[in-house]
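Engineer: Below is a structure I'd like to ask you about.
The values are calculated or read from the model by the stated rules, or taken from the named source; none is laboratory data. Source: prediction; values computed, not measured. Glycine also receives a Cβ, built like all others from the backbone with ideal geometry; neighbour counts cover every protein chain displayed.
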Amino acid sequence: MPNKKNLTLPFLCLSLVLAPLTDAQDATGPRVRLDTVGYLPGRDKRATLPAPCGDFRVVSESNGRVVFKGRASGPRRNRDTDEDLCVADFSALKTPGVYRLEADGARASHPFEIDDYVYRSPFAVALRAMYLWRCGAAVRAEHGGTFFSHDACHTEDARLDFVGGGAQTRDATGGWHDAGDYNKYVVNAGVTVGIMLRAWEEFGPRIRKVKPDIPPEDPLLHAFLAEIKWETDWLLKMQAPDGSVYHKVSTEDFGPAIMPEEEKTARFFTPQSTAAAADFAAMLASAARAFKPFHGPYAARCLAAARRAYDFLKANPQSKRADLSGFTTGPYQTDDSDDRLWAAAELWETTGEARYLSDFETRASTFQSKFSQDWGWGDVKNLGMLAYLFSKRAGRDARLVRGVRASLLETADRIVAVRDGHGYARPLTRYYWGANGGVANAVLLLRAADRIAPRRAYVETALDALHHLFGRNLHGRSYVTGLGFDPPRHPHDRRSMARPGSPPWPGYLVGGGWPKPSDWVDDADNYRVNEIAINWNAPLIYALAAFL
Ligand code: 9MR
Ligand code: 9MR
Ligand code: ZN
């Protein structure tokens with residue numbers, strides 16, 4: 001990591017050990033809940049406290065001085081957590097440093113930082129977490145004094161039995177494991193790679209300044225693109241000769257909690273789905289643009305593969321799910337209209353060819369609302385709309401562009417309103433499997449809206465998504481392993497579960513409580529609320545990249 005951050009992190013850790021206890025810290029009851037990673041100096045800073053609402057102070061960790069005093073506003077009823085909550089606003093405090101927030105009637109917050117570079121190290125850790133997810137390679141990292149490593153795994157991927165090939169294998173090594181399980185699913189790769197490539201397109205120059213702690217390999221590629229290439233190299237192996245794309249590489253049933261290199265159960269290509277083909281076309285068309293300046297021939301290969309998948313879809317216009325009989329692992333089954341829309345948008349942007357543009361515009365007009373406020377692996381329409389909206393090419397239908405733009409702003413305004421109405425400034429209404437990823441996904445829409453019609457609330461709401469995930473939430477805890485205060489220690493992650501005495505592998509966002517936020521438990525067996533997944537880390541990486 002360049003500069004500053006190296007100095008501030010050890011200081012923060014030290015301060016935890018040395019800080020004297022004050023009265024407010026001794027108090028029992030709920031703790032002050034805020035972003036335990038920290039805040040940007042020039043941006044809003046708020047904490048949530050339990051009622052009754054009284055005076056609060058921000059205290060410097062280095063000398064114990066009160067640097068800011070205020071009175072918390074509220075109380076206001078927060079319905080989804082069933083609490084009366086107060087808000088302490090200390091936005092006016094802009095001096096970099098390490099602080100605690102103390103309030104009458106609550107336990108003091110954990111120390112947090114105010115600093116321009118406060119999200120750099122978390123960005124690097126969350127990106128490194130993708131590297132640590134690599135299948136088919138030995139990986140290693142050090143975090144907080146603990147070493148994490150595994151040997152090359154799943155080097156036999158994968159058998160062709162279910163796709164008409166008998167008991168033979170065809171190379172499908174590489175890529176990332178999906179989540180807490182070790183299988184590899186093209187549809188979930190779609191939203192993940194799509195979001196990471198958007199981050200590169202929008203924040204590439206800032207990302208390039210960060211040197212994550214990942215062993216360097218390709219001198220031509222920044223670690224961020226090298227990481228994406230690890231996945232696209234695998235994706236290229238998932239295409240069948242007719243252009244269609246196999247849905248997943250998987251064991252028949254979920255395997256036990258052992259290290260990946262110890263898992264020797266047979267893994268198989270499963271039959272194709274049209275959603276996989278469409279996501280494949282979108283990812284590889286977009287990747288072709290990203291790789292072109294660094295690896296021309298590779299970019300051309302990606303684009304050719306994307307075109308073949310698109311041509312296959314043209315010839316097969318019906319949405320067709322994969323036949324997954326025989327498999328009980330992740331389904332990721334979804335209708336393909338949003339995926340096809342996204343594929344057309346990326347192919348248009350990469351090639352400028354009219355057939356892709358007209359396909360996109362015809363499809364886009366069939367969508368009533370152009371953006372989904374709440375989206376994820378099963379709904380990638382937003383990625384298509386954003387590619388179209390930010391297209392650098394001439395020839396788009398001006399009326400449709402206006403419609404897409406208006407819909408984006410409306411959607412972003414609704415997200416801001418949801419945040420405004422929530423006691424922990426959460427920019428998402430629903431709770432579901434992986435909703436923490438949904439919170440992070442809101443950031444893509446907020447940043448896009450700010451790009452076309454700058455508004456402070458869009459930026460602040462995007463930051464509130466991060467603040468929520470790092471501790472301004474019901475639990476007052478970070479939801480990302482290895483980062484912030486009291487992060488999850490027992491994620492549903494087979495690598496971590498295989499070493500129960502050690503800290504969990506770092507940099508991973510857990511799914512989060514549902515149907516109620518209070519349903520979150522830091523329990524490795526509870527994969528419904530405490531698993532990790534590539535499609536939740538990608539928007540976390542995007543959100544952190546936005547504030548580097
Ligand atoms: O461990 C599996 C996890 O990675 C999946 O997300 C989850 C949902 O499909 O399933 C987990 O596996 C469980 C299986 O579905 C039912 N038997 C117990 C398994 C837990 O290890
Ligand atoms: O994120 C997925 C969620 O939307 C589904 O409801 C759930 C059950 O099908 O599966 C989740 O994805 C899991 C996948 O099936 C297997 N790998 C782990 C994923 C995260 O839990
Ligand atoms: Zn593997």
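Engineer: Quick one: count up the residues across region 46-69 that are more than 29 Å from the chain's Cα centre (by Cα) and over 15 Å from G105 (Cβ atoms).
Structural biologist: Here the count works out to 12.
Engineer: Follow-up. Taking the stated definitions as given, is G243 more than 25 Å from D493 (Cβ to Cβ) and exposed (fewer than 15 other Cβ atoms within 10 Å of the Cβ)?
Structural biologist: It is false that G243 is more than 25 Å from D493 (Cβ to Cβ) and exposed (fewer than 15 other Cβ atoms within 10 Å of the Cβ).
Engineer: Turning to a different aspect of this structure: Please list, ordered by first then second residue, the pairs with beta carbon atoms under 7 Å, 6 or more apart or interchain, first in region 47-65 and among the β-branched types (V, I, T), second at pLDDT below 95.
Structural biologist: Short answer, once both residue conditions are applied: none.
Engineer: Can you tell me which residue is surrounded by the fewest Cβ atoms within 10 Å (Cβ to Cβ) among those in region 138-183 that are within 16 Å of ligand 2 (Cβ to nearest atom) and among the acidic types (D, E)?
Structural biologist: Among residues in region 138-183 that are within 16 Å of ligand 2 (Cβ to nearest atom) and among the acidic types (D, E), the one surrounded by the fewest Cβ atoms within 10 Å (Cβ to Cβ) is D181.
Engineer: Working only within region 253-280, note down all residues that are among the acidic types (D, E) and within 14 Å of ligand 2 (Cβ to nearest atom).
Structural biologist: D253
Engineer: Report, by residue number, each residue of region 447-462 that is surrounded by fewer than 15 Cβ atoms within 10 Å (Cβ to Cβ) and under 21 Å from S91 (Cα atoms).
Structural biologist: P454, R456
Engineer: Turning to a different aspect of this structure: D379 - would you say it is surrounded by fewer than 21 Cβ atoms within 10 Å (Cβ to Cβ) and within 16 Å of ligand 2 (Cβ to nearest atom)?
Structural biologist: Yes; evaluated as a whole, the condition is true for this residue.
Engineer: Taking the conditions exactly as written (within 16 Å of ligand 1 (Cβ to nearest atom), touching a Phe, Trp or Tyr at 6+ places or on another chain (Cβ under 9 Å), closer than 20 Å to W200 by Cα and not basic (K, R)), does W377 satisfy them or not?
Structural biologist: The answer is yes for W377.
Engineer: Can you find, within region 175-186, the residue that is farthest from ligand 3 (Cβ to nearest atom) among those that are of a type outside the set (G, A, S) and closer than 20 Å to A290 by Cα?
Structural biologist: Checked region 175-186; the qualifying residue farthest from ligand 3 (Cβ to nearest atom) is V186.
Engineer: T328 is checked against (1) outside any helix (DSSP H, G or I); (2) crowded, with 20+ Cβ neighbours inside 10 Å; (3) among the β-branched types (V, I, T) and fails just one. What number does that condition carry?
Structural biologist: (2)
Engineer: While we're here: Which one of these is touching a Ser or Thr at 6+ places or on another chain (Cβ under 8 Å) and acidic (D, E): E102, E83?
Structural biologist: Every option except E102 fails the conditions.
Engineer: Among D253, D233, which is surrounded by fewer than 17 Cβ atoms within 10 Å (Cβ to Cβ), farther than 23 Å from T481 by Cα and either without any contact (Cβ under 8 Å) to a residue 12 or more places away in the chain or within 16 Å of ligand 3 (Cβ to nearest atom) (or both)?
Structural biologist: Exactly one residue qualifies, and that residue is D233.
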